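Undergrad: Okay, here's the structure, questions in a sec.
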Amino acid sequence: MIKKFLKRVFRRADKAKKLGNARVIPFANHEIAREQLSYGALRVCDGLQAAGYQAFVVGGAVRDLLLHKVPKDFDVATNATPEQVRSVFRRARIIGRRFRLVHVMFGEEVVEVSTFRRMMEADEMQADEHGRLLRDNEFGDQEQDAARRDFTANALYYNPATQEVHDYHDGYADTRAQVLRMIGDPATRYREDPVRMLRAVRLSAKLGMTLEAKTAAPIHSMKDLLDNVPQARLLDEVLKMLLSGNAVACIQQLRQLHLHHGLLPLLDVIDSRPDGEKFIQLALRNTDERLNKDKPVSPAFLFAALLWPEVRAAWEARIKRNERPVPAMHEAMDEVLAKQKKQLAIPHRHDAVMKEIWLLQQRFDQRAGQRPYRLLEQPRFRAAFDFLLLRCASGETPDDLGLWWDEFQDANSERQKEMLQPETGPAKKRRRRKKTAAPAGDAA
């Protein structure tokens with residue numbers, strides 16, 4: 001079926017002209033109009049072309065438009081150097097050291113502009129002992145730039161002036177057929193940059209594209225290469241995956257390719273603690289729904305949810321050893337976070353939020369006296385309450401608890417008093433302060 005579709009696409013594309021080694025797809029075939037681009041992308045392309053340079057919208061934006069999706073942002077590729085780009089636009093600044101890019105600003109929109117780059121020759125490349133490239137940042141032409149991109153679907157160049165798409169690697173046909181295929185030998189490309197394995201998972205899940213068999217085949221045997229990736233890059237890619245709006249599909253794809261086990265301890269719970277799988281699936285599904293409704297999502301809340309089954313298990317084990325609940329929770333939190341950060345360094349700025357959410361869970365059981373009122377005053381109450389609802393939905397804690405707090409926080413003072421539960425356990429005796437004897441000199 002896919003073969004027939006590809007033949008049909010190629011028959012249409014055969015009408016397209018050739019430009020060097022590029023197949024130039026006319027507007028009649030792809031139907032991407034320049035009006036579909038953002039204001040900033042059009043201004044950048046028109047401005048650079050008016051100054052005598054080549055300029056194309058490139059990568060994910062072209063791919064998404066072909067898939068009838070709304071691009072998140074628009075990137076531009078050009079043969080102008082970063083300094084030349086900056087000279088064309090008043091509000092532009094050069095960023096980066098290894099990859100020097102230009103950010104051109106139009107109000108709130110920022111257009112990222114990159115200069116065409118080339119794959120370096122073997123004797124020029126700097127790689128570590130595992131084959132991961134450490135330096136390959138050399139300027140080149142458009143064809144060379146296309147060759148160094150990862151997937152064929154990301155190597156498409158759209159010219160707003162002519163409304164044509166330049167295609168060097170049959171990315172147009174692959175995108176139409178919804179196939180994600182690596183440019184070049186997949187094993188070599190994964191060795192150059194192991195993060196491409198995670199990108200393959202994320203993009204195929206996010207876009208609903210089939211991962212080509214040859215592209216998927218080496219992943220399982222090469223997953224250990226991810227151990228050599230800087231943690232900051234790994235965290236960035238994992239966050240993109242979890243905050244893609246398709247986190248559930250991404251995790252399913254990770255499991256199919258056996259990428260989650262050992263690589264991401266926060267996802268190992270899916271196999272090691274089946275009782276926590278429902279909670280995690282609910283958390284991921286809730287995140288996807290919020291993102292698809294353009295609602296904000298806190299990475300700290302998401303990490304707190306993903307790590308909760310491990311924290312709860314460690315806490316309950318300490319309770320069984322007759323440790324006091326609050327100190328036991330602190331020890332459990334520190335243990336799980338330390339284990340997680342050995343492989344994926346969650347930023348310290350998230351630690352405090354995660355710990356507050358976890359610690360507040362114990363206090364939801366306290367519904368007598370002044371305790372509920374004090375809990376409502378906590379800055380993280382809302383996040384902790386949303387977390388409680390996930391626990392109720394997964395069957396970890398009774399629904400009645402979530403319903404009680406849902407009503408209590410919005411009730412008037414009279415209704416809140418009626419809802420309070422009676423104090424249980426022996427009443428605490430107040431210590432009487434001993435009267436200190438007056439100094440002899442003060443006696444009457």
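The values are calculated or read from the model by the stated rules, or taken from the named source; none is laboratory data. Quantities reported herein were computed from a predicted structural model and do not represent experimental measurements. Reconstructed Cβ throughout: ideal geometry from the backbone, glycine too, with neighbour counts over all protein chains shown.
Undergrad: Scan the range 69-90 and give yes if some residue there is surrounded by 15 or more Cβ atoms within 10 Å (Cβ to Cβ), of a type in the set (Lys, Arg) and touching a residue at least 60 places away in the same chain (Cβ under 8 Å), otherwise no.
TA: No.
Undergrad: Would you call LEU180 within 24 Å of the chain's Cα centre (by Cα), surrounded by 15 or more Cβ atoms within 10 Å (Cβ to Cβ) and at pLDDT 95 or above?
TA: So LEU180 passes the test.
Undergrad: Something else about it: Somewhere in the range 366-388, is a residue aliphatic (A, V, I, L, M), surrounded by fewer than 14 Cβ atoms within 10 Å (Cβ to Cβ) and in contact (Cβ under 8 Å) with a residue 40 or more places away in the chain?
TA: yes
Undergrad: Restricting the first residue to the range 329-345 and requiring it to be under 25 Å from VAL229 (Cα atoms), which pairs with a second residue that is of a type outside the set (Ser, Thr, Tyr) and loosely packed, with under 15 Cβ neighbours inside 10 Å meet a Cβ separation below 7 Å and a spacing of at least six or different chains?
TA: Once the first residue is under 25 Å from VAL229 (Cα atoms) and sits in the range 329-345, its partners that are of a type outside the set (Ser, Thr, Tyr) and loosely packed, with under 15 Cβ neighbours inside 10 Å give LEU344/GLN231; ALA345/GLN231.
Undergrad: When TYR157 is evaluated against the numbered criteria (1) in contact with a His (Cβ under 8 Å, 6 or more places away or on another chain); (2) at pLDDT 95 or above; (3) not in a strand (DSSP E or B), which criterion, by number, is the only one it fails?
TA: TYR157 satisfies all of (1) in contact with a His (Cβ under 8 Å, 6 or more places away or on another chain); (2) at pLDDT 95 or above; (3) not in a strand (DSSP E or B) except (3).
Undergrad: In addition: How about the range 389-407: which of its residues are of a type in the set (Gly, Ala, Ser), in contact (Cβ under 8 Å) with a residue 24 or more places away in the chain and in a helix (DSSP H, G or I)?
TA: ALA393
Undergrad: Further question: Among what's in the range 297-347 and is among the small types (Gly, Ala, Ser) and outside any helix (DSSP H, G or I), pick the residue that is farthest from ALA383 (Cα to Cα).
TA: ALA345
Undergrad: Given ARG273, ARG285, which one is in contact with a helix residue (DSSP H, G or I) (Cβ under 8 Å, 6 or more places away or on another chain) and modelled with pLDDT of 90 or more?
TA: Result: ARG285 is the single residue among ARG273, ARG285 that is in contact with a helix residue (DSSP H, G or I) (Cβ under 8 Å, 6 or more places away or on another chain) and modelled with pLDDT of 90 or more.
Undergrad: Taking the range 27-58 as the region of interest, how many residues are surrounded by fewer than 22 Cβ atoms within 10 Å (Cβ to Cβ) and in a helix (DSSP H, G or I)?
TA: Here the count works out to 14.
Undergrad: Determine whether the range 68-86 contains at least one residue that is part of a helix (DSSP H, G or I), out of contact with any strand residue (DSSP E or B) (no Cβ under 7 Å at 6 or more places or on another chain) and closer than 12 Å to THR115 by Cβ.
TA: yes
Undergrad: When you look at SER221, is it crowded, with 18+ Cβ neighbours inside 10 Å and either touching a Leu at 6+ places or on another chain (Cβ under 9 Å) or assigned to a helix (DSSP H, G or I) (or both), yes or no?
TA: no
Undergrad: Whether any residue in the range 237-247 is surrounded by 16 or more Cβ atoms within 10 Å (Cβ to Cβ), over 20 Å from ALA61 (Cα atoms), small (Gly, Ala, Ser) and in contact (Cβ under 8 Å) with a residue 12 or more places away in the chain is what I want to check.
TA: Within the range 237-247, one or more residues are surrounded by 16 or more Cβ atoms within 10 Å (Cβ to Cβ), over 20 Å from ALA61 (Cα atoms), small (Gly, Ala, Ser) and in contact (Cβ under 8 Å) with a residue 12 or more places away in the chain.
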